[in-house]
């Protein structure tokens, strides 16, 4: 295990956190509840997505209550399930590539699933944070789509989606993405927030403390 990774963990392997929770399952529940609420609060502001720096802001908002490194790029390299993510010393190249994709899709223009798939693929490969990459990426993409007057839906934890991302197969990623057009930006965010509120309601019904 890399030194920079071990420095973020308690001796039992649980992620060090501001709430000093040492039980992994308890931390996972608290993290899911906090990040879900913070994501909804962020989306309520109908944010504009201009470039990849907004992903850092989103990660900070979602995970800042829990982790000191929220919103900060990882200081080292790592892999997951044998897959090596982007070299942290070359993040500047990844940022430029992602920003070019964003700039090539003018606001208000309707995008195809492939347009979103390419962005998801590049952000996943960059994998800039210690943890919470998939969740912050999804909120980033939801807001980005709403600014294009669309509501985006894709299964972040679906095994097929995970396999497609690990294989960097943008065609497969695109097939798993659903895009719904709406009349305008306001309508897209309204519909998106209704879905978010339903998810939060489901959390409460599952017995999580509000």
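Every read-out reported here was derived from the displayed coordinates using simple, explicitly stated rules and does not represent laboratory data. In this text the structure is predicted, and so the values were computed from the model without any measurement. Cβ placement follows ideal geometry from the backbone for every residue including glycine, while neighbour counts extend to all protein chains displayed.
Which order do 4, 69 fall in if you start with the one that has the fewest other Cβ atoms within 10 Å?
Fewest-to-most Cβ neighbours within 10 Å comes out as 4, 69.
Within segment 135-149, list the residues whose amide N lies under 19 Å from a label point set 7 Å along Cα→Cβ of residue 45.
Only 135-148 fall inside the zone, counting backbone N under 19 Å.
If R0 is 41 Å, what FRET efficiency do you get for residue 5 and residue 202 from their C-beta distance, rounded to 0.05?
Details: r = 32 Å, r/R0 = 0.79.
Between residue 5 and residue 202 the formula returns 0.80.
How big is the convex hull of the Cα atoms of the chain, per residue, in Å³?
Working: hull volume 25.1 nm³, N = 210.
Dividing the Cα hull volume of the chain by its residue count gives 119 Å³.
Identify which of 150, 197, 165 has the largest mean-square fluctuation in a Gaussian network model of the chain, with springs joining Cα atoms closer than 10 Å.
The residue with the greatest mean-square fluctuation here is 197.
Assuming R0 = 22 Å, what is the FRET efficiency of residue 167 and residue 90, from their Cβ-Cβ distance, to the nearest 0.05?
Numbers: r = 21 Å, r/R0 = 0.97.
That gives a FRET efficiency of 0.55.
Before anything else, pin down the relative contact order of segment 102-210: Cα pairs under 8 Å, at least 6 apart, normalised by residue count, whole percent.
Numbers: 112 pairs, mean separation 32.9, N = 109.
RCO, segment 102-210: 30 percent.
Which of 84, 121 has the fewest other C-beta atoms within 10 Å, and how do the rest follow up to the most?
Fewest to most other Cβ atoms nearby, the residues stand as 84, 121.
Given springs between every Cα pair under 10 Å in a Gaussian network model of the chain, which of 111, 43, 194 has the largest fluctuation?
Residue with maximal mean-square fluctuation among 111, 43, 194: 194.
Sort 139, 170 by Cβ crowding within 10 Å, fewest neighbours at the top.
Least to most surrounded, the residues fall as 170, 139.
Just need the relative contact order of the chain here, percent rounded to a whole number, with Cα pairs under 8 Å and 6+ apart.
Details: 253 pairs, mean separation 43.2, N = 210.
That works out to 21 percent.
Where does segment 15-68 land on Rg(C-alpha)/(2.2 N^0.38 Å)? Show your work: numbers first, answer last.
Values: Rg = 12.5 Å, N = 54, 2.2 N^0.38 = 10.0 Å.
Working it through for segment 15-68, the quotient is 1.25.
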